[in-house]
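*Asks:* Structure below; questions to follow.
The values are calculated or read from the model by the stated rules, or taken from the named source; none is laboratory data. Here the structure is a predicted model, which means the values were calculated and not measured. All Cβ positions, glycine included, derive from the backbone under ideal geometry; neighbour counts span all protein chains shown.
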Amino acid sequence: MSRPLRDLLSGGRRDPRGLRVLVTGASGTFGRALCTRLSDAGARVVGLDARPRGDDPVEVLACDLTDDAAVPAAVAGALSRLGGLDLLVNNAGIGGPAPAELPPSAEVRRQLDVNLLGAWRVGAACVDALVDSRGRVVMVSSRMAVMQLPLAAAYGASKRALVAYADALRLELAPHVTVTCVYPSMVRSPIHDSTARAGLSLEGMSTYESLDGVVDTVLLAGLSRRPRRDLPTTRRGAVEFFLARHLPAVTDRIVARALAARVRSGALDGAEPARGVVRRTAPPEAR
């Protein structure tokens, strides 16, 4: 366990031993690391994933989170194995290029279906078990829920909507169940591959953070005795979260300047999804 997490939890940490945990997206970068840490600490963990791997650190059940019938069945199977539920971590998510100026595509609909409705389906299937245990939900959202980056409208919209869903769930289930949203920035993982293939690398638009730091924050959300409502994953993230919530015009200017610099550097040249942005941002003599 990292020192920041030890410091945050000192004297106020729930004992993870025997804690019954369900993690979605359990075979992905975040999910595998989180399942490993929880299992090693003594929690009983079952995962859900569209494509379980043979070397997953815990039992992972195959589940398509976009399937209305498959989700309740998979959740029921997981809860049967666990004997109840103390902690749900809605971690599953996908990304990809999605300019806001273009009509919604199948890619846009899939991101909304997995990132928002997938979490909603799983949450609904877990409500009774969570109420029975006076449990906890952790939503792995994104810094983009509050500070949108261009050319990725579907991901940002899905994560902002996920926070709205979390807020509603928190109010409806209080005081029996607590709900925390965690806001990572950017971690090196395959979720960025499709964006990079489209020529829209986020290099220069965001700052990478460590996987361990994100996992530490999710564990803080799940194990601290005093539930938190919102948890950025770094100090920089906390500053961005504050600015985006209270001074959104400032963050708009920061992002706009970063985007203009990317266009001027030629980093987006030839990227079809960015064609409109490049055309409008480039100086008149370059158009």
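*Asks:* Would you check if D216 is at pLDDT 95 or above, of a type in the set (D, E), assigned to a helix (DSSP H, G or I) and buried (at least 16 other Cβ atoms within 10 Å of the Cβ)?
*Replies:* Working: at pLDDT 95 or above: yes; of a type in the set (D, E): yes; assigned to a helix (DSSP H, G or I): yes; buried (at least 16 other Cβ atoms within 10 Å of the Cβ): yes.
Yes; evaluated as a whole, the condition is true for this residue.
*Asks:* Something else: Pairs, please: C-beta under 8 Å, at least 6 apart or cross-chain, first residue touching a residue at least 60 places away in the same chain (Cβ under 8 Å) and within 18 Å of L85 (Cα to Cα) and in segment 40-65, second in a strand (DSSP E or B) and among the β-branched types (V, I, T)?
*Replies:* L48/V23; L48/T24; L48/V60
*Asks:* Would you mind finding the one in V127, V138, V122 that is out of contact with any Phe, Trp or Tyr (no Cβ under 8 Å at 6 or more places or on another chain), of a type in the set (V, I, T) and surrounded by fewer than 22 Cβ atoms within 10 Å (Cβ to Cβ)? It would help to see each step written out before you state the result.
*Replies:* On the way: V138 fails: surrounded by fewer than 22 Cβ atoms within 10 Å (Cβ to Cβ); V122 fails: surrounded by fewer than 22 Cβ atoms within 10 Å (Cβ to Cβ).
None of the others qualify; the one that does is V127.
*Asks:* For segment 225-251, give me the residue count where each residue is surrounded by 14 or more Cβ atoms within 10 Å (Cβ to Cβ) and more than 22 Å from V179 (Cβ to Cβ). Explain how you work it out, then say what you get.
*Replies:* Here is the first cut: in segment 225-251, the residues surrounded by 14 or more Cβ atoms within 10 Å (Cβ to Cβ) are 227-228, 230-234, 237-238, 240-241, 243-244, 251.
If we keep only those that are more than 22 Å from V179 (Cβ to Cβ) too, we end up with 243, 251.
The number of residues fulfilling the criteria is 2.
*Asks:* Inside segment 21-60, can you point out the residues that are among the polar types (S, T, N, Q) and at positive phi?
*Replies:* Here is the first cut: in segment 21-60, the ones among the polar types (S, T, N, Q) are 24, 27, 29, 36, 39.
If the condition is that a residue be among the polar types (S, T, N, Q) and at positive phi, then no residue fits.
*Asks:* Now for a separate question. Can you name every residue in segment 157-191 that is aromatic (F, W, Y) and in a strand (DSSP E or B)? Show your work before the answer.
*Replies:* To start, the set of residues in segment 157-191 that are aromatic (F, W, Y) comprises 165, 183.
Matches in segment 157-191: Y183 only.
*Asks:* Check segment 128-139 and report whether any residue there is of a type outside the set (F, W, Y), at pLDDT 95 or above and within 19 Å of A70 (Cα to Cα).
*Replies:* Yes; the residues of segment 128-139 include at least one that is of a type outside the set (F, W, Y), at pLDDT 95 or above and within 19 Å of A70 (Cα to Cα).
*Asks:* How many of the residues in segment 124-157 are under 17 Å from the mean Cα position of the chain (by Cα) and touching a residue at least 60 places away in the same chain (Cβ under 8 Å)? Can you show your working first?
*Replies:* Here is the first cut: in segment 124-157, the ones under 17 Å from the mean Cα position of the chain (by Cα) are 136-149, 152-157.
Still in the list and also touching a residue at least 60 places away in the same chain (Cβ under 8 Å): 136, 138, 140, 143, 146-149, 155.
Total meeting the criteria: 9.
*Asks:* Do we find that A26 is surrounded by fewer than 22 Cβ atoms within 10 Å (Cβ to Cβ), touching a Leu at 6+ places or on another chain (Cβ under 9 Å) and in contact (Cβ under 8 Å) with a residue 40 or more places away in the chain in this structure? It would help to see each step written out before you state the result.
*Replies:* Working: surrounded by fewer than 22 Cβ atoms within 10 Å (Cβ to Cβ): no; touching a Leu at 6+ places or on another chain (Cβ under 9 Å): yes; in contact (Cβ under 8 Å) with a residue 40 or more places away in the chain: yes.
Judged against the criteria, A26 is not a match.
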